[in-house]
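For reference, the structure discussed in these notes is given below.
The values are calculated or read from the model by the stated rules, or taken from the named source; none is laboratory data. Being a predicted model, the structure only gives us computed values, none of them experimental. Cβ coordinates were reconstructed from backbone atoms using ideal geometry, including for glycine residues, and neighbour counts include every protein chain displayed.
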């Protein structure tokens, strides 16, 4: 008899560490593990974590009822330009769209700034003699001769993947479908991406860029997922592997392999879901999620238990913080920002003689100098070790020793350049990286109309708890939350994600009483497609949920606002209801809405989900703080700018109701929390740390 399935498994492959969470669905008990990522073969770290966690509790692979995964593989392939040899097939006369890009330069003060290099060079683009108009009506049919010419071009080019992006295919994808059917017969091993499936939305360059990026990574994603699934099956896991999408939903591996571009922000999206989950568990639905790992820090605003969404963003930027210097993609994603500030971020002196930290990272190999794996450049982790924030004997719960002398050797040349001591230099690194995150948070929160004084900071990731106090102080927040198992919170976020898919259809036109019926018909088509997709993923009819939204704008505007709508038909909501929903959201974002103007709709969107899974944390017994005291050690207290002997607590021994006073250190195997002075920390029933500033 097969073993009863009682566990759920989430794992997140990051740039430095791979995180694992195994949740007992009967008791709510969490089992966690963290190990260095293996960049040459990410599956090696996955298998290590799988075997370690299941072996520790004596469980079998067949007892895992659900396994969900997030990865940086797709993002890294695009950044490093290590994807497949790809051809682009487009409408005659539009082969240069990838080069034309947008009319604006990403650096308006640099007349020599190079354009963003496309993923497909000009010689690998083929123009087919066909044409649709803006209404999806055929102007020039796609002939057999045109298809034969495309086939001959592909035979000469010998690609691994092809992107098909015909003009106005978002309104009518018939020509793309016909071309794909023809090419599948001639080239059965060729990976095909159709714009009418990948990104059926208006705006030609963005649609083409998204389709090309999907095709570029499709063979890589398929090989990786097939290999990972087969290895998990050999370990006794008999079910489908699920992938986290950038939108916060999950998809089966087969669908993810067809649309790998939807995975580019899978890890950060899981972090946002974890913040939502912990916010609900602690009674704080309004938080700023702060996820600081080994390579980057991610920030996301959560209001009323929901993250904001975006439908266009950039990847593989030539200049990390310059908008327009990357490849635009049109996919649904949780709106967040990433900063080149992580534990492995490298410190240096810039051309002006100033101390800079990041965005370059030491990664997992060789990693920070204190890892003892060959790294020689000073990083944030090295600075934190020298400041006493990290215990050299308790990193990863004692599984990895940190070399303090190696950290000092790496820091000394930088200190000599700055004419400062090693301690002053380490503290300078700590301050600089904090200021980068503080500035980015202040702007990101303000742009979303949120006052940081009204929300708490939800800090997690391997490095987040060590920097949370400084960020929350600078932003004048009332406090911060460090959730249980903070170092692997993103992996837990996978387990809170619903099976969900985002569907979109461009339908440009004015919003009138008469057009509401037409919009209802399109929503009905999207819902039918969503039901079929959810059914293939094993979601029952009763568990299916559908959330509609519209991309709306004032008549004559160039960009839209996505407005979430209540369930039901638009004809029942009425024109007045649609206008009110738009004007309310528009005014919340920009402060003023032109209520006398008409509205235009550009795109209809529908989120089809299987409902949010129930995940409950195991409660912990009551206890006093003294029972978890490990000892004392010298720690550099930033608020006082000096070393002090402070208490060090073992988080795993803290009981519910315990209270701690800062300054102090709270350690757990996957992260260390640095609590500043004038802070009271309360331990809740699930061992979450709720920190509040005494003087505020």
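Structure values in brief
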read-out	value
Segment 663-680: number of residues that are more than 32 Å from the chain's Cα centre (by Cα) and surrounded by 16 or more Cβ atoms within 10 Å (Cβ to Cβ)	2
Inter-residue pairs, beta-carbon under 8 Å, first assigned by TED's automatic domain parsing to the domain that holds residue 603 and in segment 187-211, second at pLDDT below 90 and assigned to a strand (DSSP E or B), 6+ apart	none
Subset of segment 138-153 [more than 38 Å from the chain's Cα centre (by Cα) and not in a strand (DSSP E or B)]	141, 142, 143, 144, 145, 146, 147, 148, 149, 152
Residue in segment 310-323 that is within 14 Å of the chain's Cα centre (by Cα), surrounded by 21 or more Cβ atoms within 10 Å (Cβ to Cβ) and modelled with pLDDT of 90 or more present	no
Count of segment 639-662 residues which are outside any strand (DSSP E or B) and surrounded by 21 or more Cβ atoms within 10 Å (Cβ to Cβ)	4
Residue count, segment 160-182 (criterion: farther than 18 Å from residue 506 by Cβ and surrounded by fewer than 22 Cβ atoms within 10 Å (Cβ to Cβ))	5
Residue 341 vs. criteria over 21 Å from residue 604 (Cβ atoms) and in contact with a strand residue (DSSP E or B) (Cβ under 8 Å, 6 or more places away or on another chain)	yes
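Okay, residues lined up against (1) free of Cβ contacts under 8 Å to residues at least 60 places away in the same chain; (2) closer than 24 Å to residue 489 by Cβ:
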residue	(1), (2)
630	yes, yes
645	yes, no
659	yes, yes
667	no, yes
679	no, yes
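For every residue, the table says whether it meets (1) touching a helix residue (DSSP H, G or I) at 6+ places or on another chain (Cβ under 8 Å); (2) in a strand (DSSP E or B); (3) closer than 17 Å to residue 430 by Cα.
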{"site": "348", "(1), (2), (3)": "yes, yes, yes"}
{"site": "352", "(1), (2), (3)": "no, no, no"}
{"site": "382", "(1), (2), (3)": "yes, no, yes"}
{"site": "389", "(1), (2), (3)": "yes, no, yes"}
{"site": "393", "(1), (2), (3)": "no, no, no"}
{"site": "408", "(1), (2), (3)": "yes, no, yes"}
